[in-house]
Every structure is written in structure tokens, then in C-alpha cells.
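The values are calculated or read from the model by the stated rules, or taken from the named source; none is laboratory data. It should be emphasised that the depicted structure is a prediction, and the values quoted were computed from it without experimental measurement. Positions of Cβ are backbone-derived with ideal geometry, glycine not excepted, and every protein chain shown enters the neighbour counts. Side chains are part of the model used for accessible areas, which takes the heavy atoms of the whole protein and leaves out ligands, DNA and RNA. Shrake-Rupley method; radii C 1.70, N 1.55, O 1.52, S 1.80 Å.
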Amino acid sequence: MKSTSSLSLIAGAVALAAVTGFAAVNVPDGGGTTEAKTAARLPVERTSLLCPAPGLSDLSETAYTAYTPPGGSGGSATAGEAALVSSAKDEAATDEKSDEKDKKDKKKSKKDKEADKNKPVVSLKEPGKPATGEASGADSPALVGTATGRLAPGWTAQQTTTIEAGDGRGLLGISCTAPDTDFWFPAASTAKSREDYVHLTNPDDTAAVADIELYGPDGTLKSDVGEGITVPAGSGVRVLISTLTSKAADDVTVHVTTRTGRVGAAVRTADETTGSDWLPASAEPAGTLVLPGIPADATSVRLVAFAPGDDDADLTLKLLGKSGAITPAGHEELHVKSNMTAGIDLKDVTRGEAGSLMLVPSEKGRATLVVAALRVVRGKGADQEVGYIPATGPVGARATVADNRSKGSVLSLTAPGAAGTVKVTASAGSGGGTPVSKTYKVAAGTTMAVTPPVPQGLKGTYALTVETLSGGPVHAARTLTVKVDGIQMFTVQTLSDDQGTVEVPAARQDLSVLDD
């Protein structure tokens, strides 16, 4: 089933678009040429983010948090703001819930519709202080935003939805992402117990055309329905994965590409027993992958991997724990056939100690590009809850995760190679509080799970920013836990480099091109 929903726009001086940066070189008074200078890294001047529509349940309550770390000096703007406003688009949908929405919309006056379209959801005024917004119900739209000037470098947004009951119950968290043209989602499913949707969001003024390919344990799951999906300008489309194929498979890899335009993409999973959460895209295919932040009390961990190239992949599994790296007993290696999805049940692999999983080429195999994700379950029986951890890159110079509360956040830091030192800063709260920072040294081959610092006098929610100070690369993930009706609902967000700066090549004026 395919449906279309309206979007909201994060506009103003903070709006979402391609991450860009630029520098200018003036022509000297004497003309001629100027010698090229060393390339410099400058703050980006424009950043785009997309948040998928959080709906599908009338019981859903969604919190949005937007944040830009202080210290950026992008552009010439001395002030700026970001606002989420309703898009002018209000596309018709084909599913039952959207039909009901259309009937309600028809009853609205033209004036009410115009007011809804321009009503801000989130408005960010300054770096260093989070801004929040909220939405409720199944009709909540996807959001589009652009940050410019001093609010662009490191701008991040978090969408956290709580659904207290029903098959889709859970704490669903996702860091809003930049638009792109290629996404990989291991750990999706077409099993009868699952209801997984691909959400596509188009931020641009022209339509995008996307293809969705599915790969199961035996290879491609053929389907013509997933080809040439039109995502209207400024709109969102969701596609129920099980409608794209007649074959039920527990482990499916979803590949989203665009023929024209660009989209934001995410997979929303729901299971009859373990609830629901967002499955973000895996890091780009690589020979070695790191999946950080497996909770200490995980009762079930399932690894799903896919090799998109022409060669099979032989991988060695390493669990990076508090004391160092070990090989999970009975799960030392994983063979992934080319263009086939492989899954392996690691059960309670952490055994009460938080850890991270590292996949490296085995000694008998050569480095083959793979993508991977973990499906993590906490709790037992009726109290089970699911979350996902995709392979992710290191925090690099700086990475941020928003929507942390006074209690319930755990930050996992892992150094897969050499030891690394990072600084973790808790921002001011959205309603008040003083930022605090703490430095952590992560030993080589280990994972450190810590309760992150909390702003002094915190009111509201806050952001955590991780900066690399020295040593080898550090990977990070934040687990947010909220207790609802006795169930420890949780969601995991990985942190990767915010790309807040861009390398600007040195420029040289060459007026000889003007000669005849």
C-alpha cells in the first residue's frame, strides 16, 4: 500500500537543504593571477534535514528537538531562526486512515488551512540552546528544514514518538537525516508478524522518482511494484514493504535509490510482540563495520548483514566490551553470500555488560563491502521492546544527539582501534540550565557505557555533543529509556560526524581564459 502525506517545512535562517560551503577570492587590483593557497576547512553555510511522518497511530505523541552547537561561524548571519511550518502540499492518500483525514480536511475552512500551513512546529533562535515542538495523532506530517548561516554547522534534530498501546507501541526515536539518493536498510522484514513501512520524504520543489529493491536470504525478492515510485514535491510517501513481494522473509535488506531528485528515507518497523521503532540507514558499504551501543540488559540481539557486490563476504565478529574484545562463543564468523541477506541470532551476547559489535574481514577472506544492522530486544514476555543499531561511522570532529532527559540516557563510546579521548558536552536545557562538559578516555578495543553529564539546573530536554580530542576514532550511540506502564521502552541513536565543516579548495584567478 502506498500513501502520500503533507510535509512541514523547517524554514527561516535555519532551513534544511544540501550541506554546502563556499569561499570567495577577490581579483587583485593589478589583475593577472593569484597563486593558489592551501585548502581550508570552513563552516557549512546550509544544512538540510528531513524527519519522517511519525503517525500510523491515533495514540502517538511526538516530541521534536532541534539544536545547533555553539561556536559555528558559518556565513555572515549574526542571527537566525528555524521554523517548522506546514507545506502548501496536501496530497490525496490511498489508505483508509488518509481517506478519513481527507474528509476532516474538507470540513476545514480556507482560513484554517492557511493557518495550519504556516504554524511553526519548531523554531530555533540561537546556537547552544535546544528548541522543542510536539505533535500528536496519526495525521502528523513529515518535516523538512534548512539551517543557514551560524545555525547551519552541526544542526541536528531528533524526533521521538511514544505509543503506549497497540501493535505499534513503543518509543520510536530517529535523528532526522539529510536528503540523499542511496540508502541501505538491513534488518527489515516481510514476515507475517511484522508491519514495516519505507518512508520517503521529498524536500524539493520538483517530484522525485525512487526505486525500492528487496533482498532476502535467497537473493532478490522480485517486484515491479517497487519501481518508479513518485514522491511529489514537498511531500512524503510511505510504502508497506510486504506489499512489494509475495514472499515472507524474517530478514530482508531494503535498498532505496532515486532515478531523479533526492529523498529522505527511513524504515518504520512494527512487531506483534516486541513493538516498534525506526530502522535508520546503515553506513555506506565498507569492509569493516562498527555497530555501537548494545544495551547491557539486551535479552536478544540479531545481526543482519548484506553484501551488495559481486563477491561473498567472510566476516569475523568481535564484541567490544568493558575489558576488551572477545569473539562471541559459537558465532565467531559469518558468511554473507553476494546479494543475499544473512542473519544470525546472537541471543544475550552482552551478558549484562554493554558492548559494541565490530565486523572485520576474516583471515580466509578478502575485504568485501557489506552493510549491517542489529535488532535488539530488551525485556521478556509481554514487556519486550525493540530497538535498532545500524553500522555507523565515527564521531569525527563532532557529533550531536538531541532530546536527552534528566534520566534515562546512556552514552556508549567505543574505540575499535587505538585508544581515543573525547569531550562530551551537555547543552543548556530547552527551558533553562547551564551547560557542563566531561572528558572520557576510551581504551583501545573497548566500549565504555556512561551516564552522560546533565546540565546544572536543567529544565526541559538537552543535547549531547561529542568531540574527538585525540587518539583513534571513537564511535558512539545514545540509548534513551522511558518507562511506560511498567515497560522499559527504549530507542538507540548512533552519532556520526555532523559534517559541520567542509574543505574548500584553494582558488586561483586565471584571466588568460579571457584572451582571444
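Structure summary
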| quantity | calculated |
| --- | --- |
| Answer residue from the range 334-346, given it is assigned to a strand (DSSP E or B) and in contact with a Pro (Cβ under 9 Å, 6 or more places away or on another chain) and is farthest from residue 252 (Cα to Cα) among those | 346 |
| Residues being of a type outside the set (Val, Ile, Thr), assigned to a strand (DSSP E or B) and open to solvent by 50 Å² or more (accessible area, probe 1.4 Å) - total across the range 211-252 | 1 |
| Positions within the range 328-354 being among the aliphatic types (A, V, I, L, M) and within 22 Å of residue 267 (Cα to Cα), in sequence order | 340, 342, 344 |
| Residue that is over 24 Å from residue 269 (Cα atoms) and touching a strand residue (DSSP E or B) at 6+ places or on another chain (Cβ under 6 Å), where the choices are 303, 319, 357 | 319 |
| Qualifying position, being touching a strand residue (DSSP E or B) at 6+ places or on another chain (Cβ under 9 Å), assigned to a loop (DSSP other than H, G, I, E, B) and within 15 Å of residue 479 (Cβ to Cβ), among 392, 368 | 392 |
| Some residue of the range 317-332 being part of a loop (DSSP other than H, G, I, E, B), modelled with pLDDT of 95 or more and among the charged types (D, E, K, R) | yes |
| Residue within the range 124-136 that is farther than 15 Å from residue 430 by Cα, at pLDDT 90 or above and in contact with a Ser or Thr (Cβ under 9 Å, 6 or more places away or on another chain) present | yes |
| Residue check for residue 456: under 30 Å from residue 166 (Cα atoms) and either in contact with a Lys or Arg (Cβ under 6 Å, 6 or more places away or on another chain) or without any contact (Cβ under 8 Å) to a residue 60 or more places away in the chain (or both) | no |
| Residue list for the range 342-393, filter: open to solvent by 10 Å² or more (accessible area, probe 1.4 Å), in contact with an Asp or Glu (Cβ under 6 Å, 6 or more places away or on another chain) and among the hydroxyl-bearing types (Ser, Thr, Tyr) | 368 |
| Scan of the range 157-201 for residues that are among the acidic types (Asp, Glu) and assigned to a loop (DSSP other than H, G, I, E, B), ordered by number | 164, 167, 195, 196 |
| Members of the range 236-291 found to be basic (Lys, Arg) and under 19 Å from the mean Cα position of the chain (by Cα), listed by number | 238, 262, 268 |
| Test set (1) farther than 30 Å from residue 248 by Cβ; (2) touching a residue at least 60 places away in the same chain (Cβ under 8 Å) - residue 359 fails condition number | (1) |
| Filter pass, residue 269 being within 18 Å of residue 52 (Cβ to Cβ) and open to solvent by 20 Å² or more (accessible area, probe 1.4 Å) | no |
| Top-ranked residue of the range 162-210 - restricted to ones that are acidic (Asp, Glu) and open to solvent by 30 Å² or more (accessible area, probe 1.4 Å), ranked as farthest from residue 480 (Cα to Cα) | 205 |
| Selection count, the range 254-278, where residues are closer than 23 Å to residue 165 by Cβ and in contact with a helix residue (DSSP H, G or I) (Cβ under 8 Å, 6 or more places away or on another chain) | 1 |
| Given (1) within 22 Å of the chain's Cα centre (by Cα); (2) closer than 27 Å to residue 63 by Cα; (3) in contact (Cβ under 8 Å) with a residue 60 or more places away in the chain, number of the condition residue 428 does not satisfy | (1) |
| Residue 276 vs. criteria open to solvent by less than 20 Å² (accessible area, probe 1.4 Å), outside any strand (DSSP E or B) and touching a residue at least 40 places away in the same chain (Cβ under 8 Å) | no |
